[in-house]
Amino acid sequence: ALSGTVEMEWPEWAPSFGPEKLVDGITSAGNLATTDASADVTVQKNVKIIFKDGAHEINQINLIPAKQKTSEKTCFPENFTVSVWNGQTWVQVVKKIGYISDGSTVSLTFDAVVCNGILIECTKLSTADDGKYILMMSEVEAWGTKSTASLAAPQDKKDENDEEKPPTDTRVNAALNGTVEMECPEWAQKSYSPEKRGCCKRQQPYRWSS
């Protein structure tokens, strides 16, 4: 994951704590990435990392909690999953529920898999000193060996609640305004001539009675 590309929401008020901090190899106090804080307990945050050097076969991911200079809180997520991109889809390799961080490195091991990106989905955050929910982390490490596999770039994960949209109908009415050959009586040539068959307006025939 070192020097990889990180996609993560982060606030404008924290330019020194941007996503790149997660893959710079530095874990000293104050070197961290943060999201914005929220009073909403249901707020969720995601972190996606695309490997700099392409595919690797990995079997361990380390999540290193933030070490703040002004607080003992790590603001590490309580509920989260970790998935890897295998070139076609995101495959979940770790799921944690009710995790309480003590500040130590969280080492996650799993069966080796060839991938070129990881996705951390934090579904329940912990709180900062002000009681608001926030995600902070110092570093993300993905350990393994370089692979020669050529994998498609990681894509955004599809929401399970997204409904399949019907395909857009791109067909056209080929008969519209076409040339019509049809016998037509003289008494009806004005209002009911053949070209009416190729007209897009559908009108009821004119009827009269004495």
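Scan the range 85-116 for residues that are within 25 Å of Lys69 (Cα to Cα) and polar (S, T, N, Q) and the total you get is 4. Do we have any residue at all in the range 73-91 that's under 20 Å from Pro154 (Cα atoms) and of a type in the set (Gly, Ala, Ser)? Yes - at least one qualifying residue is present in the range 73-91. Name the pairs whose Cβ atoms lie under 9 Å apart, with the first residue in the range 1-17 and more than 17 Å from Thr35 (Cα to Cα) and open to solvent by 90 Å² or more (accessible area, probe 1.4 Å), the second in a loop (DSSP other than H, G, I, E, B) and small (Gly, Ala, Ser), and 6 or more positions between them or separate chains? Every condition considered, the pairs that remain are Leu2/Gly25.
Identify all residues within the range 124-136 that are in contact with a Phe, Trp or Tyr (Cβ under 9 Å, 6 or more places away or on another chain) and in a loop (DSSP other than H, G, I, E, B); write none if there are none. The answer is Leu125, Leu135. Among the strands (runs of 3 or more DSSP E) confined wholly to the range 60-116, which include 2 or more residues that are open to solvent by 50 Å² or more (accessible area, probe 1.4 Å) and touching a residue at least 12 places away in the same chain (Cβ under 8 Å)? So the answer is 90-96, 106-115. Filtering Glu141, Glu121 for residues that are over 21 Å from Ala37 (Cα atoms) and in a strand (DSSP E or B) leaves a single hit, Glu141.
The residues in the range 1-57 that are part of a loop (DSSP other than H, G, I, E, B) and in contact with a Gly (Cβ under 6 Å, 6 or more places away or on another chain) can be counted, and the count is 4.
Name every residue in the range 23-51 that is under 19 Å from the mean Cα position of the chain (by Cα) and either open to solvent by less than 30 Å² (accessible area, probe 1.4 Å) or closer than 23 Å to Trp143 by Cα (or both), in order of residue number.
Selection gives Thr34, Thr35, Val43, Lys45, Asn46, Val47, Lys48, Ile49, Ile50, Phe51.
The values are calculated or read from the model by the stated rules, or taken from the named source; none is laboratory data. Being a predicted model, the structure only gives us computed values, none of them experimental. Cβ: placed from backbone, ideal geometry, glycine included. Neighbour counts: every protein chain shown. Accessible surface is based on the protein model in full, side chains and every heavy atom, while ligands, DNA and RNA are left aside. Shrake-Rupley method; radii C 1.70, N 1.55, O 1.52, S 1.80 Å.
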